[in-house]
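Enquirer: First the structure, then my questions, so here it is.
The values are calculated or read from the model by the stated rules, or taken from the named source; none is laboratory data. Small disclaimer: the values here were computed from a predicted structure and weren't measured. Because the Cβ atoms are built from the backbone with ideal geometry, glycine has one as well, and the counts that use them run over all protein chains shown. Quick note on the areas: whole protein, heavy atoms, side chains included, nothing else; ligands and nucleic acids left out. Shrake-Rupley method; radii C 1.70, N 1.55, O 1.52, S 1.80 Å.
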Amino acid sequence: MRYIPVPPPTEVKTCSRCSLQSPADAEQCIHCAQLSDPELHQYLEKHQRRLQAGANLGRYFALAAAVILVLMAMLLF
C-alpha cells in the first residue's frame, strides 16, 4: 500500500454572505463571490438538499445496522 500524505488542515473563516466556510487566506469566499443574489439562493438550496441527503443516508445505515444486530441476536438465541 502506498502512503499518500495528507495536507495539514488550513484555517477557515465563515462567510457573512453565505455562512459557509472557506480558507482564511482566500481573498473572497470560494462559494459565493462569483454568484448573484438569485444564484446564491439557488446554490444554498442545493447545498441544503445535499446535507439533508447525507443525513438521510446516515439514518438508513443506522436502521440497517439495527436490523443486522437484531438478526444476529436472533441467530445466537
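Enquirer: Gln21 fails exactly one of the following numbered conditions: (1) free of Cβ contacts under 8 Å to residues at least 24 places away in the same chain; (2) open to solvent by less than 100 Å² (accessible area, probe 1.4 Å); (3) in contact with a strand residue (DSSP E or B) (Cβ under 9 Å, 6 or more places away or on another chain). What is the number of that condition?
Expert: (2)
Enquirer: Next question, about the same structure. What residue, of Leu44, Leu63, is of a type in the set (A, V, I, L, M), part of a helix (DSSP H, G or I) and open to solvent by 90 Å² or more (accessible area, probe 1.4 Å)?
Expert: Within the list Leu44, Leu63, the selection yields Leu63.
Enquirer: List the pairs whose first member sits in segment 40-55 and is among the hydrophobic types (A, V, I, L, M, F, W, C), whose second member is not in a helix (DSSP H, G or I), and whose Cβ atoms are under 8 Å apart, counting only residues at least 6 apart or on separate chains?
Expert: Final answer for the pair search is Leu40/Arg17; Leu40/Cys18; Leu40/Cys32; Leu44/Cys18.
Enquirer: I've got another one for you. How about segment 24-41: which of its residues are of a type in the set (S, T, N, Q) and either in a helix (DSSP H, G or I) or open to solvent by 90 Å² or more (accessible area, probe 1.4 Å) (or both)?
Expert: Across segment 24-41, the qualifying residues are Gln28, Gln34.
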